[in-house]
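Single-structure report; data block below.
All of the numbers you see were taken from the coordinates with simple rules; none came from a lab. Being a predicted model, the structure only gives us computed values, none of them experimental. Cβ coordinates were reconstructed from backbone atoms using ideal geometry, including for glycine residues, and neighbour counts include every protein chain displayed.
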Amino acid sequence: MHQNELKYFEEILTARKAQIEKNISGVTQELNALNNDEMNDEGDYAAVSTENMVESAIGNKQQEELEEIELALSKIRNGSYGICEMCEEEIGFARLKVKPHARYCIDCREIAEKNHE
């Protein structure tokens, strides 16, 4: 991969990382605010509990994506970015454009997902 392409993906990944960190911070603040709210009845408790579950699920997904982004950024630094972790072939530029933190080429992604289920 060319240096300018690496720089392009590094900028995208860094921007997404900053956005996710901001989102996670916001979710944490919202969860803390919900937990500190005074609940008057079971309906309030149920609403807060549901919101907690939704916010927590969103936060967990964002945390997973953040970890994948961190891995991709470390691969850029060590020179292994854009290489499939399974077949060790280059991941296509179009795939990386859609998912810059992709760990697998499109073919191996399907295999990895089937094995993960």
Which listed pairs, of Lys7/Lys114; Lys22/Lys61; Lys22/Lys114, have C-alpha distances above 25 Å, in listed order: Lys7/Lys114; Lys22/Lys114
Positive minus negative residues near Ile83 (Lys, Arg vs Asp, Glu; Cβ under 10 Å): -2
Separation of the His116 and Met53 label points, Cα + 7 Å toward Cβ, nm: 2.4
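Near Leu66, within a Cβ-to-Cβ distance under 12 Å, what is the net charge of the other residues, with Lys and Arg +1 and Asp and Glu -1?
Computed value for this residue: -2.
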